Amino acid sequence: MVAWKLSTLALLSLRAVTSFAQIDAEVVEEVQDENIAQTPNLKVSISTSFPQSEIFGVKLINGHATQAVLSITNDEPEPVSVTIIGGSLLQDAGHESQILRNLTAARYSTEIPAGESETVPYSFSTEMHPQDVRLQLVAILKDSKNAFHSLSAYNETVSVVEAPTSIFDPQIIFLYAVLLSVFAGTLYFVYNTWITTFFPQKKRGGKGGERAKRSSGGSKKVDPADQVAVVGADGPAVTSGAKAYDESWIPVQHLQRPEAKRVRSGTPKGRIVKS
């Protein structure tokens, strides 16, 4: 059982060294030369917390920095120094683990005196598909003899999630505006195409000539021969002689027009001279 733990820790250390090689190659070579497998003999304990995590577990939000706080307690008689903190995201597949992504390693020069504790912050960000992964954080320490030791700081399952969407996001506002415009245009088209056919159409009044034509029934045009001149008014007026009544019951003498009579000037009023 002890041998299995040592081999697992050695494998974890080699992974950490591989991810740290891009930051400080000289430190990695020195760590390899000093045999990291001796790490369990170092009396240093590490506990990691996530201040921004929820009560339901640690969530890694894509595009946002995840802050981890490492609380390191040194029980050695000599001071130790924190040199590098890094880690990786893994996916468990049976008895094997596959590294999905190596996290960015950070370099430190924090010295922890004997019998004391220090907190070291470490932040990283992710851009992955939402899923559950195993987060491994590793801290590389250096003792008073300049020997490097690798300690596991965290090794638990976490969730990768997308950032929550705000309704005040300009992209979301633009999307809502486009959808609302399409919806309003569809309703307008449906209303003009089908709904308006169920309502009676109101006829609007036209110009004066059109209104006069409708008031006369629009049956036929007025014949100038049927127009009668009216004398005795302020000026000659022409009235329409359109017959809109039945003449059969009117006596004939009433239908004949009276002849105009001329009155000679200077004659007595009581005498009428026929022309």
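Share of pairwise Cα-Cα distances greater than 21 Å in the range 35-126 is 45 percent (whole percent). Scanning residues 5 or more positions from T104 or on other chains, those with amide H under 5 Å from its amide H are S125, with H placed 1.01 Å from N in the peptide plane. A simple count of charges around V58, restricted to other residues whose Cβ falls under 13 Å of its Cβ and scoring Lys, Arg +1 and Asp, Glu -1, yields -1.
Scoring 124-133, 186-195 by mean Cβ neighbours within 10 Å over their residues and listing the highest first yields 124-133, 186-195. Out of every Cα-Cα pair in the range 128-192, what percent are more than 14 Å apart? Result for the distance tail: 77 percent. Considering the range 61-196, its Cα convex hull presents a mean projected area of 13.6 nm².
Every read-out reported here was derived from the displayed coordinates using simple, explicitly stated rules and does not represent laboratory data. Keep in mind the model is a prediction, meaning the values are calculated, not measured. FYI the Cβ positions are ideal-geometry reconstructions off the backbone, even for glycines, and counts take in every protein chain you see.
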